[in-house]
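The structure under discussion appears below in the form of structure tokens.
The values are calculated or read from the model by the stated rules, or taken from the named source; none is laboratory data. Source: prediction; values computed, not measured. Ideal geometry is used to build each Cβ from the backbone, glycine not excepted, and the neighbour counts take in all protein chains shown.
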Amino acid sequence: MKGCVTILLLLSVFFGLSAQDSANVISKHTVYYKDRYRTVKNPKKAYFVKNNIVYEDSTILEEFRNISRDEILTKKITKNDKPLGIWYILNKVDESVYSINTAKIHYCLEKNQLIQPLRNIK
């Protein structure tokens with residue numbers, strides 16, 4: 001089951017990133033970490049990497065991945081401060097990765113506040 005989830009994650013990331021590559025990148029910031037709790041480490045000895053990429057169309061991609069397993073632990077895309085696409089978030093308790101379809105998140109237009117809690121979205 002985990003293998004299927006990993007394959008689906010990789011495919012969605014591949015297609016998502018290939019679509020993003022067509023836009024112009026304004027900035028890319030990469031930081032390497034020793035552990036998931038974000039302790040900074042030398043890039044050559046790092047186990048994790050965090051990428052923040054800002055595109056010309058104001059889309060921002062945040063990604064945190066395990067380098068040795070080439071596995072995405074967290075991936076978030078926003079455009080104009082609104083969630084976009086499917087987010088992948090690591091559950092630190094059981095170490096599983098959850099996906100959240102951000103199209104199902106509803107915002108209050110006046111205050112830009114989340115109306116529906118994330119835990120109820122499937």
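Within the range 81-93, the presence of at least one residue that is modelled with pLDDT under 90, among the aliphatic types (A, V, I, L, M), more than 15 Å from the chain's Cα centre (by Cα) and farther than 30 Å from Asn24 by Cβ is confirmed. Can you pull out every residue in the range 37-91 that is part of a strand (DSSP E or B) and of a type in the set (Gly, Ala, Ser)? Gly85 - this is the single residue of the range 37-91 that is part of a strand (DSSP E or B) and of a type in the set (Gly, Ala, Ser). A count restricted to the range 39-62 and to residues that are closer than 25 Å to Lys82 by Cβ and either exposed (fewer than 11 other Cβ atoms within 10 Å of the Cβ) or without any contact (Cβ under 8 Å) to a residue 40 or more places away in the chain (or both) stands at 12.
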